[in-house]
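Report on one structure; see the data block that follows.
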Amino acid sequence: ADANGCYVVGGGSWGMASSHSAASLHFLIDGNRCPSNLPAGSEAVAIVGGDNSEYVIALSSILAKVTRDRLMREHDVEYPEYGLARHKGYGTAAHRAMIEKIGGSPIHRKSFAPWKTILESRRQKGKVKRK
């Protein structure tokens, strides 16, 4: 996911569009707003509940979830203490408890609101040094 939580099917960044003119690109966004960093000249439409009404969004959601699950199984080898293969990175009670206990790993998204809350709590308890 990018900083906006968007998944791009067919490439890891908006750079996948380099072989197309921006005017030929049309993005369907599952949500209530379009990212501001889309290629200049491209078109985008935000669709609330888009995975229920647009097959391409539903397919993209499935591909993103399958990819995420695979990545979490791979990351579980690096960071077994978090149980990523079990909960796939979702904010389960066990996952949150482990973050509270030992802090996050380099793969934890620090912009995610629950993570920020846990991190701030750990800082207040003196378990994390500010950088």
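The values are calculated or read from the model by the stated rules, or taken from the named source; none is laboratory data. The structure presented is a predicted model; accordingly, all values stated were derived computationally and were not measured. Ligands, DNA and RNA are excluded from the accessible area calculation, which covers all protein heavy atoms including side chains. Shrake-Rupley method; radii C 1.70, N 1.55, O 1.52, S 1.80 Å.
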For Lys65, counting only aspartates and glutamates whose alpha-carbon sits under 15 Å away and dropping same-chain residues fewer than eight positions off, the answer is Asp2, Asp30, Asp51, Glu74
The answer for the range 67-131, accessible area per residue at 1.4 Å probe in Å², is 71
Taking placed amide H atoms and a strict 5 Å upper bound, the residues 5 or more places from Ala46 or on another chain that come that close are Ile29
Residue by residue through the range 25-30, the couplings from Karplus 6.51 cos²θ - 1.76 cosθ + 1.60 with θ = phi - 60°, in Hz, x for Gly and Pro, are 8, 9, 9, 9, 9, 7
On the accessible surface of the range 26-106, probed at 1.4 Å with all protein chains in place, carbon and sulfur together account for a percent value of 56
Per its Cα gyration tensor (rounded if a/c is under 1.5, else prolate when a/b beats b/c, else oblate), the range 35-131 is best filed as prolate
